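Down below is the structure, laid out as C-alpha cells.
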C-alpha cells in the first residue's frame, strides 16, 4: 500500500487494530479539547468499527466537550437493526463516552430529502473542522454513502458544493437497499485528520488499486487523500 498517499498503521489482528485506532483518535480528540475547548468526531457504520467503538468508549477523553456525528445514515428508525445511530449508541456512547454529545443524521421526516434542511442546520452548529473523520470502505469502493455510479455522486463530490449533507437514493445489493443521508466531500474533508479503517486482504487490495494513479473512474474512497493539506491514515489488519 503506497505509504506516500496515506500513512499505514498495520496490526496483527482486528482487536489490536481497534485498540491502536482508539488511542490515536482519543489523542486527537484530547488535543482538540485542549487547544479549542471542544472536539468533533465523525464516525462510520458497519461491522468493522464495533471493536474500535468499544475500545474508544473505555478511553479517557474529556468526553463532555466532544461531539460525535455520523458520516452517513440509512433512513430507518433509530432503533432499527440497520441504523448507524443504533450502532453508535450501543457500542460507542457507553461507559466514559456516554458523556459525549451525539448529533444523529435522521429526522422524523418520512423521506431523507425532506430531512436534509434540518440536518444541515444541526451540522452547521458543530465545532468544525472535525478533529478526526473515520471512514470505512465497502467492497465496491464506496465510503460514507457515496457509491460508484450513484445519481448523487457528482453532486456529493463537487468541490464547489457548500452543503454538508445530501439525500442519497438506495444503493444496490449487497448494500442495505434503503435511502440514506450522507455527508458531502465538503464536510468529510472539513477535518484535521482522515482515517480509513479496514480489515481483510480483499479490502486492502481494493484500496491499493484505488491508490494507483490513472484510474479512468476513481472510486469514491479516493476523496480521503484528495487534499494534500489533510493527513490521511490507514488503519488495517487482516
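What follows draws every value from the coordinates through simple rules; no lab data is involved. Worth saying up front: this structure is predicted, and the values here are computed from it rather than measured. Reconstructed Cβ throughout: ideal geometry from the backbone, glycine too, with neighbour counts over all protein chains shown.
Between residue 10 and residue 90, the distance separating the two model label sites (each 7 Å from Cα on the Cα→Cβ line) works out to 3.3 nm.
Estimated from helical segments only, the mean residue ellipticity of the chain at 222 nm is -9000 deg cm²/dmol, where each DSSP H run of four or more residues counts as -39500 (n - 2.57). The modelled label-to-label distance between residue 111 and residue 208, using points 7 Å beyond Cα along the C-beta direction, is 4.5 nm.
As an exercise, take the mean of 1/r over every pair of distinct alpha carbons in region 1-138, invert it, and state the Kirkwood radius in angstroms.
Values: mean 1/r = 0.0638 Å⁻¹.
Taking the inverse mean of 1/r over all distinct Cα pairs, region 1-138 comes out at 15.7 Å.
Of the beta bridges in the chain, as assigned by DSSP with both residues counted there, near 25 percent are antiparallel.
Got the relative contact order for the chain handy, in percent, Cα pairs under 8 Å and 6 or more residues apart? Display every interim value, and only then the final one.
On the way: 495 pairs, mean separation 58.1, N = 238.
24 percent.
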